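Quick one: this structure, given as structure tokens, is what I'll be asking you about.
The values are calculated or read from the model by the stated rules, or taken from the named source; none is laboratory data. Keep in mind it's a predicted model, so treat the numbers as computed, not measured. Note: ideal-geometry Cβ built from the backbone for every residue, glycine included; neighbour counts use all protein chains shown.
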Amino acid sequence: MEDEAYYQIVSDELRDNQINQALWTKAIAKSMGDEPKTKAVYIQLRVQQLMQETIRHRTESEDATPAPASAINSIQEKLGTKATLALKIIAIIALILVILNASRIGQWLRSLMG
């Protein structure tokens, strides 16, 4: 999201009188009670807060999605060494299928199968 979008959000919040009171108090302290400066400081603080929230949400969603390697490792831990060989075979078969689907050979084989 571009920073203009964050400023638009803050502008809408101010228009609708939806002010984060803790952040407004912080803005008053930073502006030494100067009211026109308070609003400007609040806007800067709120935009920074929105940007940080976006980064935090992205990081949390990336952390929540298990990497394929870690998923395979957890399966291997649960099932033991016999599963390791089976997983390798499945991975090889999956890779072959991907290659076949992405190539002309895959199209040719699919045409033969009906």
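Kindly provide the set of residues from region 1-46 that are of a type in the set (Asp, Glu) and more than 30 Å from the chain's Cα centre (by Cα), ordered by number.
If the condition is that a residue be of a type in the set (Asp, Glu) and more than 30 Å from the chain's Cα centre (by Cα), then Asp34, Glu35 are the ones that fit.
Being over 26 Å from His57 (Cβ atoms) and surrounded by 14 or more Cβ atoms within 10 Å (Cβ to Cβ) is the requirement here; does Lys26 meet it?
no
One residue is enough: does region 66-85 have a residue meeting the conditions surrounded by fewer than 13 Cβ atoms within 10 Å (Cβ to Cβ) and at pLDDT 75 or above?
Within region 66-85 (the criterion being surrounded by fewer than 13 Cβ atoms within 10 Å (Cβ to Cβ) and at pLDDT 75 or above), the answer is no, since none of the residues qualifies.
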